1. Just give me the residues in segment 216-232 being of a type outside the set (K, R) and free of Cβ contacts under 8 Å to residues at least 24 places away in the same chain, in sequence order.
2. Quick one: R134 ticks every box in (1) modelled with pLDDT of 85 or more; (2) farther than 24 Å from V88 by Cα bar one, so which box is it?
3. Please work out which residue is nearest to H214 (Cα to Cα), limiting yourself to segment 176-191 and to residues that are exposed (fewer than 14 other Cβ atoms within 10 Å of the Cβ) and touching a Ser or Thr at 6+ places or on another chain (Cβ under 9 Å).
4. Give me a count of the residues in segment 257-290 that are assigned to a helix (DSSP H, G or I) and closer than 15 Å to P198 by Cβ.
5. Looking only at segment 226-243, decide whether some residue is modelled with pLDDT under 90 and of a type outside the set (A, V, I, L, M).
6. Return the residues of segment 165-212 that are of a type in the set (S, T, N, Q) and in a helix (DSSP H, G or I); say none if nothing qualifies.
7. Six or more apart or on different chains, Cβ atoms under 8 Å: show the pairs whose first residue is in segment 233-262 and in the same structural domain as I275 (by TED's automatic domain parsing) and whose second is charged (D, E, K, R) and not in a helix (DSSP H, G or I).
Amino acid sequence: MDKRERKANVILYPGLVKRLIEKGMDSLKDKDGQKALQYFVDAELYESENQQVIFGKMLSLIELGRLQEALIHSKQLLHAGASEYYEVLQVHISLLVQLGDYNEVVQLLEAVLTEEKLPSQYAESFYQLLHFSRQMIQDGEWAPSVKEEDSISEKVQPMLFAESVELQASAISMLRESDAPDATSLLIEYIKKENNDPVLVSLALQLLRDKGLHTKVTYKKGTQTLEVNPSEIDQDGLETFQRAVDKKLEQLVESEDPILLEIARQLCVTYMLAIYPHYPEPKEDLFWGMCILCLRCGTNRLRMSRGRANGRYRPRTIARKKGRSHGSGSFCLPDIIIDVLFL
């Protein structure tokens, strides 16, 4: 049965596509690329031109390491004039870099950077990617035909230690798919380097755990130098705690402001990833749900929500203080600490 026949035999319930997209994004958050892809494929049966569906399908394919297929969808979004054009363009260029198509990167970015309407927040990143790609072409260091069992260092090392955060992220993604023996040593070298993005350091630590590293490693986040045995990271517990905070956020604001809920959820994911592999302190899901809302909206929102919190917490102050952590080597939110008074 082809797609048209399947579509004709299924009733479209109100809000079904939106729900499928939400389930797909939730599966991506859980790093279940196969499940996410199925949700977006199902949504595609009803709205094949929906940009959110295409974008989600692209992200799912990237999670599964199916980069050539993902590239088809990123091109589709660019040609359709996606509403988040430059965000999609960043993903598209990242895919080209990972696939080693540096000539295409140079041609594309040279055209984009001549546009007068290029948003300033993308300019520096695109210039770095253009410079890197030109250098790779000139030096002749990239060879797409190199076999996986060969050393990955020559392919990934220039990206992993480049100034561009996007290149570093692409390199980590490539290392995730690699079984080369030097992939682990590259990751260990990367997390020891100062001034790396804390989220990327966390992704590298997760990858070391996934690769089964059983020895202690030293890593840097901000001004802190820390140690951890990747095999001893409580991954399941951290994910469970994050879901609990997410549930509290949903209880606090979903009915009155769904958009705020999505923003707060993203802030929660970013913060938990920034302090990984540690729990925030205190280890209280309601506490952190309230704190995240406080950061996003100020104390007025918390006062409105105090009834839902059963009076357990109330906002006291929002103060800016430099360099305070939440303990146990955890990484604090930049320059901000929230003081909450227990009733």
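The values are calculated or read from the model by the stated rules, or taken from the named source; none is laboratory data. Everything numeric in this text was worked out from a predicted model, so none of it was measured. We place every Cβ from the backbone using ideal geometry, glycine too, and count neighbours over all the protein chains shown.
1. Within segment 216-232, T225, E227, N229, S231, E232 qualify.
2. (2)
3. S185
4. 8
5. There is no residue in segment 226-243 that is modelled with pLDDT under 90 and of a type outside the set (A, V, I, L, M).
6. Q168, S170, S173, T184, S185, S202, Q206
7. Close Cβ pairs (under 8 Å, with a partner that is charged (D, E, K, R) and not in a helix (DSSP H, G or I)) amount to E239/D30; F241/K283; Q251/R308; L252/R308; L261/E254.
A quick yes/no check of all residues on (1) among the aromatic types (F, W, Y); (2) within 13 Å of L130 (Cα to Cα); (3) part of a loop (DSSP other than H, G, I, E, B); (4) within 21 Å of the chain's Cα centre (by Cα):
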residue: L71; (1), (2), (3), (4): no, no, no, yes
residue: G81; (1), (2), (3), (4): no, no, yes, no
residue: V88; (1), (2), (3), (4): no, no, no, yes
residue: H92; (1), (2), (3), (4): no, no, no, yes
residue: V97; (1), (2), (3), (4): no, yes, no, yes
residue: V105; (1), (2), (3), (4): no, yes, no, no
residue: L108; (1), (2), (3), (4): no, yes, no, no
residue: A111; (1), (2), (3), (4): no, yes, no, no
residue: E115; (1), (2), (3), (4): no, no, yes, no
